[in-house]
1. Can you report the number of residues in the range 7-54 which are of a type in the set (A, V, I, L, M, F, W, C), closer than 21 Å to residue 280 by Cα and in a loop (DSSP other than H, G, I, E, B)?
2. Between a first residue in the range 84-105 that is assigned to a loop (DSSP other than H, G, I, E, B) and a second residue that is near the ligand (Cβ under 9 Å from one of its atoms), which pairs have beta carbons less than 6 Å apart while being 6 or more apart in sequence or on different chains?
3. Going through the range 158-216 one residue at a time, which ones are touching a residue at least 12 places away in the same chain (Cβ under 8 Å) and of a type in the set (Asp, Glu)?
4. For the range 37-85, give me the residue count where each residue is within 15 Å of residue 269 (Cβ to Cβ) and hydrophobic (A, V, I, L, M, F, W, C).
5. Being farther than 27 Å from residue 116 by Cα, in contact with a Leu (Cβ under 9 Å, 6 or more places away or on another chain) and among the basic types (Lys, Arg) narrows it down to one of 328, 341, so name that one.
6. Would you confirm, using the coordinates I've provided, whether residue 213 is over 29 Å from residue 245 (Cβ atoms), of a type in the set (Val, Ile, Thr) and more than 12 Å from the ligand (Cβ to nearest atom)?
7. Here is a check on your reading of the model: is residue 162 among the aromatic types (Phe, Trp, Tyr) and either within 12 Å of the ligand (Cβ to nearest atom) or surrounded by fewer than 18 Cβ atoms within 10 Å (Cβ to Cβ) (or both)?
8. Hey, does the range 252-266 have a residue that's of a type in the set (S, T, N, Q), away from the ligand (no atom under 14 Å from the Cβ) and either buried (at least 20 other Cβ atoms within 10 Å of the Cβ) or assigned to a loop (DSSP other than H, G, I, E, B) (or both)?
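A short reminder: the numbers here are calculations on the coordinates, not readings from a lab. Bear in mind the structure is a predicted one, so any value in this text is a computation, not a measurement. Here the Cβ positions follow ideal geometry from the backbone for every residue, glycine too, while neighbour counts run over all protein chains shown.
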Amino acid sequence: MADQVIFKLIEEEIKRQSEGLEMIPSENHTSSEVLKALGSRLTDKYSEGYPGKRYYGGCEIVDQVEDIARDRAKKLFDVNHANVQAYSGSPANQAIYFALVNPGDKVMGLGYYFGGHLTHGLKVNFSGKLYNAVQYTTGQDGYLDYQAMAKLAEKEKPKLIFTGATAYPRIFDWQKLREIADLCGAWLVADISHISGLVVSGDHPSPSGIADVIMTTTHKTLRGPRGALILCNGKPSTPLKAVERTKDNLPTLIDRAIIPGLQGGPHNHQTAAIAVALYEASKPSFKEYGHQIVKNAKRLANNLLDKGYDLVTGGTDNHLLLINLENKKITGKEAEIALGKSGITVNKNAIPYDKRPPFDPSGIRLGTPALTTRGMKESQMDIIADWIDQSLANYRDDKKLAKIRSEIREFVKDFPLPS
Ligand SMILES: Cc1ncc(COP(=O)(O)O)c(C=O)c1O
């Protein structure tokens, strides 16, 4: 008899997702084809190594799967090498450090409380413990301060600069970031985890040909399974050879950092699901999807600005909004809880120069990728902005929040999860 407990919980989670509005900007809803590949027999197979160079027999099928995933990733992001084996974004970033610098070397990344990721040098993360991490920030206006960054790079001379973010609503100027890295001869890494779907759709400039290494998770705007791609250019990888840290050797450095450096057997079911997601992302309809994510985020932003909300940087260029709630006299934690009761899932988030503690910061972060997958457009954003505003204005009124929740439950019936 099947495990009644876990399958019941899975059903409950599907109900939770379908009856509510998922507005955490790093989340999305995958297609049923991606789910099918992810739940396939490929999970049973061991295949340490790379296609054609495995430590296990019986890899002739999974070799083809991984080759297809790599080829699709290379084509979509316009690079000549792709590693698709990292289990997720954090180990992918760990592999990049491992490939490019030594423990104790100086590295530079965007501060966690300014929108950077844990792996960009936070003191309590491996990246801040194993490496000598200095952190850059945004200006008071919430925009990246490229001038201050350049000064810091010249002073500190890091060997590697991580760029990209987990909570930044504006465009990254890759060329400017390249110039900053060149001031001190640092490797430039572009972590496009949040925006890779928008890079594919052309709604955000691509760092391809500018950054030395590009990393993206596959489960955010790219709408695949959990996983990551590490992308670069250079000579064909020769994973079994020790090599010097040169640009030409980047493919080999990255592949060796993943295995034997960091991981064992690749998750072949995950690789297959990534390949399916990349196939979907190569279709013209995905471009439309990316455009709509941004249109929806901008519409939501304008609605909330009209209602007196203080958006960090005054708006958005991408899929996410960072709202400073100080003027609304509600904390990020209270807002997350109230919106949750209404059926709107968001996360509390620090805002630049936040005066409040990280576990109860002044802001929330929300985004449109998952709603857009369900087919919602600008007119739905108008309605959702009203619900957000009403929930926050009545955050102590459980009856009001329950009423909004039942309205949302009706509303989403027209926008099912992908089937
Ligand atoms: C910019 C960025 N890099 C890396 C990661 C890490 O990805 P994962 O959660 O898959 O380890 C995230 C996840 O939120 C992210 O936003």
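1. Qualifying residue count, the range 7-54: 0.
2. Partner pairs satisfying both residue conditions: 86/92; 86/228; 88/226; 88/228.
3. Those that are touching a residue at least 12 places away in the same chain (Cβ under 8 Å) and of a type in the set (Asp, Glu): 173, 179, 191, 203, 212.
4. Result for the range 37-85: 10.
5. On the way: 328 fails: farther than 27 Å from residue 116 by Cα.
Exactly one of 328, 341 is farther than 27 Å from residue 116 by Cα, in contact with a Leu (Cβ under 9 Å, 6 or more places away or on another chain) and among the basic types (Lys, Arg), namely 341.
6. So residue 213 does not fit the description; no.
7. For residue 162, the condition - among the aromatic types (Phe, Trp, Tyr) and either within 12 Å of the ligand (Cβ to nearest atom) or surrounded by fewer than 18 Cβ atoms within 10 Å (Cβ to Cβ) (or both) - is met.
8. yes
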